[in-house]
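For reference, the structure is listed below as structure tokens.
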Amino acid sequence: MKRLLADEAETLAFGGRLFDALIPGCVVFLHGDLGAGKTTLVRGALRAGGYTGAVKSPTYTLVEEYRIGEATFFHFDLYRLADPEELEWMGIRDFFRPDAICFVEWPERGAGLLPVADLDLSLLVHGTSRQLSALASTPCGEAVLRAMMDA
């Protein structure tokens, strides 16, 4: 799936459509340069679920946890990760569980220790717009993409 997101509002709206399609246990990798809109997309997803608190990039904390009703969302930003082994020290495997949804920015920095992504989202900057590409790697990811295309 490819989409042109004209501005921040469209990136937030896409995040909302993603939220509506997500399935517990899904792992979403977010690729893109600094400022590409990865955190904005996550913010749109969480806002669509009714989360009203601050949604910031967890660049320094590595992970932020959000609760929406019974659902748990983990938002990782691995940009400042010096070594993938740091993920072992923080108990990375405990986050990727069947009842949680995980968003991972800069997943390449955790290569070898992260699970396979169900959905890979890439954002490329084109002036003020973003080119979004989505690729499903698992049945869960395929179900999410189908649901988004049907919406």
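Applying 1/(1 + (r/R0)^6) with R0 = 35 Å to the Cβ-Cβ distance of A9 and Y79 gives a FRET efficiency near 0.90. Summarising the strand pairing of the chain, around 55 percent of its internal DSSP beta bridges are antiparallel.
Can you compute the label reach from E142? Point 7 Å from Cα along the Cβ direction, backbone N cut-off under 12 Å, restricted to segment 114-136. From segment 114-136, the list is 136.
Per-residue ellipticity at 222 nm computed for the chain from its helices equals -8500 deg cm²/dmol, with DSSP H segments shorter than 4 residues left out and the rest contributing -39,500 (n - 2.57). Here the chain has 55 percent of its accessible surface on carbon and sulfur atoms, given a 1.4 Å probe and all protein chains in place.
Computed over protein heavy atoms with a 1.4 Å probe, the accessible surface of the chain works out to 49 Å² per residue.
Report the calculated FRET efficiency for E88 and A54 (r = Cβ-Cβ distance, R0 = 25 Å), to the nearest 0.05. After rounding, the FRET efficiency stands at 0.30.
The values are calculated or read from the model by the stated rules, or taken from the named source; none is laboratory data. Being a predicted model, the structure only gives us computed values, none of them experimental. Ideal geometry is used to build each Cβ from the backbone, glycine not excepted, and the neighbour counts take in all protein chains shown. Accessible surface is based on the protein model in full, side chains and every heavy atom, while ligands, DNA and RNA are left aside. Shrake-Rupley method; radii C 1.70, N 1.55, O 1.52, S 1.80 Å.
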